[in-house]
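A short write-up of the structure that comes next.
The values are calculated or read from the model by the stated rules, or taken from the named source; none is laboratory data. As the structure is a computational prediction, the values presented were derived from the model and not from experiment. Every residue, glycine among them, receives a Cβ derived from its backbone with ideal geometry; neighbour counts consider all protein chains shown. For the accessible areas, the whole protein counts, side chains as well, though only heavy atoms, and no ligand, DNA or RNA atoms are used. Shrake-Rupley method; radii C 1.70, N 1.55, O 1.52, S 1.80 Å.
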Amino acid sequence: MNSMENKKVAVVTGASRGIGRAIALKLAREGCLVVLNYNGSVDAAGKVKEEIESAGGEAEIYGCNVGDYQACEAFFKEMIGRLGRLDILVNNAGITKDGLLMAMSEEDFSQVVDVNLKGAFHCIRQAARQMLKQRSGRIVNISSVVGLHGNAGQANYAASKAGILGLTKSAAKELGSRGITVNAVAPGFIETDMTAALSEKVKAGAAAGIPLGHFGSPEDVAEAVAFLVSDAAAYITGQVLAVDGGMGM
Ligand code: NAI
């Protein structure tokens, strides 16, 4: 037996950077063995694994495009077969392909929905099979304030993030009787590579509309996720927790 025994196993998708990385580091600090999913960035995922291990935690990396159902099936089958259990799933992987609705290609719409929404479905489908056997589990899906309120230039992204909310609530209703909670976190503007692409003017305008007056950090989102997967949140399911400095009020 190895030291993994008795540890909670947590899968975080898109964990090579940004919010996913912060969630992975936080769950590792909380004592989980964290499986870091990544798509193309093996080096970045490896660095997160090293960071976790140098702090005394345990992590593995696993490459898989969450938008590919068969790849997800193979990923979860192999990982659960080897580790023997799965306690936490955080569906964090996400992409943007922004553009105004009238100019948005069908391909850009589909790609965003395939990764952000179908990716979460693929992973829940695989994870829930094991969690149902264990009669316990925690699933957190990363949505966005944009999924709650919409955003000009992000019809594809907003639709995918709104879809996440319906998926979350439906899964919460279906899986609740087996001790599995399913919740969503809806971040506002968070300082990551995704928002680094915005101009200073857009960033200043966005910050002006945030009651707390500034962008959040990936760690702010990680704290909310850590709460929702903790024992303290055992009676919370089907909820959407906004981590947005109050901008969605
Ligand atoms: P990011 O772009 O820095 O990181 C996204 C991660 O997802 C990367 O590690 C990327 O490799 C991974 N990924 C992308 N496509 C993938 C695929 N097909 N399969 C597996 N992994 C894939 O983005 P950030 O900012 O860290 O966002 C993380 C999540 O939070 C996303 O779902 C995003 O939509 C959401 N979010 C971010 C906000 C922000 O202000 N940064 C605000 C609201 C929500």
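Evaluate the Kirkwood expression for the hydrodynamic radius of the chain, namely the inverse of the mean inverse distance over all pairs of different C-alpha atoms, and round to one decimal in Å.
For the chain, inverting the mean 1/r across all distinct Cα pairs yields 18.1 Å.
Could you report the chain's accessible area per residue, 1.4 Å probe, as an integer in Å²?
Accessible area per residue, the chain: 47 Å².
In units of 2.2 N^0.38 Å, what is the alpha-carbon radius of gyration of region 96-166? Before the final figure, lay out the partial values.
Working: Rg = 14.2 Å, N = 71, 2.2 N^0.38 = 11.1 Å.
My calculation over the Cα atoms of region 96-166 gives 1.28.
Beyond 22 Å, what share of the Cα-Cα pairs of region 108-237 is found? Please give it as a whole percent.
Beyond 22 Å sits 42 percent of the P(r) for region 108-237.
So if I take the centroid of the Cα atoms in region 2-48 and the same for region 199-249, what is the distance between those two points in Å?
Each part's Cα centre sits 21 Å from the other's.
Taking the Cα centre of the chain as origin, work out the dipole magnitude from +1 charges on Lys and Arg Cβ and -1 charges on Asp and Glu Cβ, in debye rounded to 20.
Magnitude of the dipole: close to 800 debye.
Can you show me the helix-derived [θ] at 222 nm for the chain, built from DSSP H runs with n ≥ 4 at -39,500 (n - 2.57) apiece and divided by the number of residues, rounded to the nearest 500. Each step should come with its number before you reach the end.
Details: 10 runs with 114 residues, N = 249.
It comes out at -14000 deg cm²/dmol, rounded to the nearest 500.
How far is it, in nm, from the label point at ALA204 to the one at HIS149 when both lie 7 Å from their Cα along the line to the Cβ?
Label at ALA204, label at HIS149, 2.0 nm between them.
Go through ALA186, LEU198, ALA155 and say which Cα lies farthest out towards the positive end of the charge dipole of region 9-242; charges sit on Cβ, +1 for Lys and Arg, -1 for Asp and Glu.
Going by the charge dipole, the pick is ALA186.
How many lysine pairs in region 9-242, separated by 8 or more positions in sequence or lying on different chains, have Cα atoms less than 22 Å apart?
Taking the Cα cut-off of 22 Å, the pair count is 17.
Between GLU50 and GLU223, what FRET efficiency follows from the Cβ-Cβ distance if R0 is 25 Å, with the result rounded to 0.05?
With a Förster radius of 25 Å, E is 0.65.
Counting only protein heavy atoms and using a 1.4 Å probe, what share of the accessible area of the chain belongs to carbon plus sulfur, as a whole percent?
Answer for the chain is 53 percent, counting heavy atoms of protein chains only.
Taking the Cα atoms of region 173-249, report the difference between the largest and smallest coordinate on each principal axis, in whole Å and largest first.
48, 24, 21
Which whole-number value in Å³ per residue fits the convex hull of the alpha carbons of region 1-134?
105
At most 14 other Cβ atoms within 10 Å and a DSSP loop assignment: could you name the trypsin sites (Lys or Arg not before Pro) in region 83-170 that fit?
Those that pass, being in a loop and sparsely packed, are ARG135.
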